[in-house]
Amino acid sequence: MNTLQELLEKINRLEKELARELQKKQEEFSYTIHKNKVYFEDAVRQQHKLLVTRLHTYLFRAPFLNILTAPVIWACLPPALLLDLLVSVYHRICFPIYGIPRVKRSDYLVIDRHALQYLNIIEKVNCLYCGYFNGLIAYIQEIAARTEQYWCPIKHARRLKTMHSRYRLYLEYGDGREYRKRLEKIRRDFADLEEER
């Protein structure tokens, strides 16, 4: 195994460790998750209700430009919904044909912050929007990553700002022999996804 591969695997292990540490926050903030629903202890829920900023106070304190630009943010929603539909149709039709494991939508689109009792209605709607939008981008990125693994599993020559989940499996840029030799194997290499289940 080369050094780059070892580093990518180390990053993957550290990401998993980070996820485990974040899970420990459940105990600190007194909540449990059952069937994807979050439950706070009664005393914590009561305290959260005391922290809500009333709607008129929230609007009065909001910077004018935030209010003025809100329609611009919300104008992104219709194209996002259309993109969601198109990518989901592609995913459902093509992945079985290519033999690519499907992406579990609920692993990426996590909508739960709107249930926090310390948020007012505007904050809840904003959290709903952001949770959907960022989850959608992550969901689409995973679909695109698996598609890229099937069609073009070659690393880029230039440095990427972020690497998606499948990138570590890709072949080195410029290594034509390995590309021809290992393409079919890499196209079908989703064993790590089976291990996660």
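The values are calculated or read from the model by the stated rules, or taken from the named source; none is laboratory data. Just so we're clear, the structure is a prediction, and the values are computed from it rather than from any experiment. A quick note on method: Cβ atoms are made from the backbone with ideal geometry, for glycine too, and the neighbour counts reach across all protein chains shown. Ligands, DNA and RNA are excluded from the accessible area calculation, which covers all protein heavy atoms including side chains. Shrake-Rupley method; radii C 1.70, N 1.55, O 1.52, S 1.80 Å.
For the chain, what does -39500 (n - 2.57) per DSSP helix run (n ≥ 4), summed and divided by total residues, give at 222 nm, in deg cm²/dmol to the nearest 500? Walk me through the numbers before you get to the answer.
Numbers: 9 runs with 123 residues, N = 197.
Taken over the chain, the calculation gives -20000 deg cm²/dmol.
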- [ ] State to the nearest 20 debye the size of the charge dipole of the range 85-155 about its Cα centre, where the only charges are +1 on K and R beta carbons and -1 on D and E beta carbons.
- [x] 160 debye
Task: Cα-centre dipole for the chain with unit charges at Cβ (Lys and Arg positive, Asp and Glu negative), debye to 20 - done: 340 debye
Open item on the list: Just the number please: accessible area per residue for the chain, 1.4 Å probe, all protein chains included, in Å².
Closed with: 74 Å²
TODO: State the label only: which of [x] 1.16; [y] 1.05; [z] 1.47 corresponds to Rg/Rh (Cα atoms, Kirkwood Rh) computed from the shown model?
DONE: [y]
Task: Label-point gap, in nm, between residue 74 and residue 61 - each point 7 angstrom along Cα→Cβ - done: 2.2 nm
TODO: Would you mind checking 155/185; 49/104; 24/155 for any pair whose Cα atoms are more than 24 angstrom apart?
DONE: 49/104; 24/155
Open item on the list: What does the extension gain come out to for residue 180 and residue 137, with contour length at 0.36 nm per residue minus their alpha carbon separation?
Closed with: 12.3 nm
TODO: Mind pulling the angle between the C-alpha long axis of helix 176-187 and the longest principal axis of the chain? Nearest 10 degrees, somewhere in 0 to 90.
DONE: 50 degrees
Task: Candidate aspartates and glutamates - alpha carbon under 18 Å from residue 181, same-chain residues fewer than 8 apart omitted - done: 148, 172, 189
TODO: Could you please report the charge total around residue 95, scoring K, R as +1 and D, E as -1 over all other residues with beta-carbon less than 9 angstrom from its beta-carbon?
DONE: +3
TODO: Divide, for the range 119-197, the radius of gyration over alpha carbons by 2.2 N^0.38 Å, where N is the residue count.
DONE: 1.49
Open item on the list: Tell me the angle of helix 64-74 to the major Cα principal axis of the chain, expressed in degrees between 0 and 90 and rounded to the nearest ten.
Closed with: 50 degrees
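How much of the accessible area of the chain, in percent, comes from carbon and sulfur atoms when a 1.4 Å probe is used?
59 percent
Which of the GluC sites (Glu not before Pro) found in the range 107-197 are in a DSSP loop and have at most 14 neighbouring Cβ atoms, other than their own, within 10 Å?
172
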Open item on the list: I'd like the GluC sites (Glu not before Pro) in the range 11-45 restricted to DSSP loop residues with at most 15 other Cβ atoms within 10 Å, sorted by number.
Closed with: 41
Open item on the list: Quick one: 3J(HN,Hα) in Hz for the range 79-86, Karplus 6.51/-1.76/1.60 with θ = phi - 60°, rounded, Gly and Pro as x.
Closed with: x, 5, 5, 5, 4, 4, 4, 5
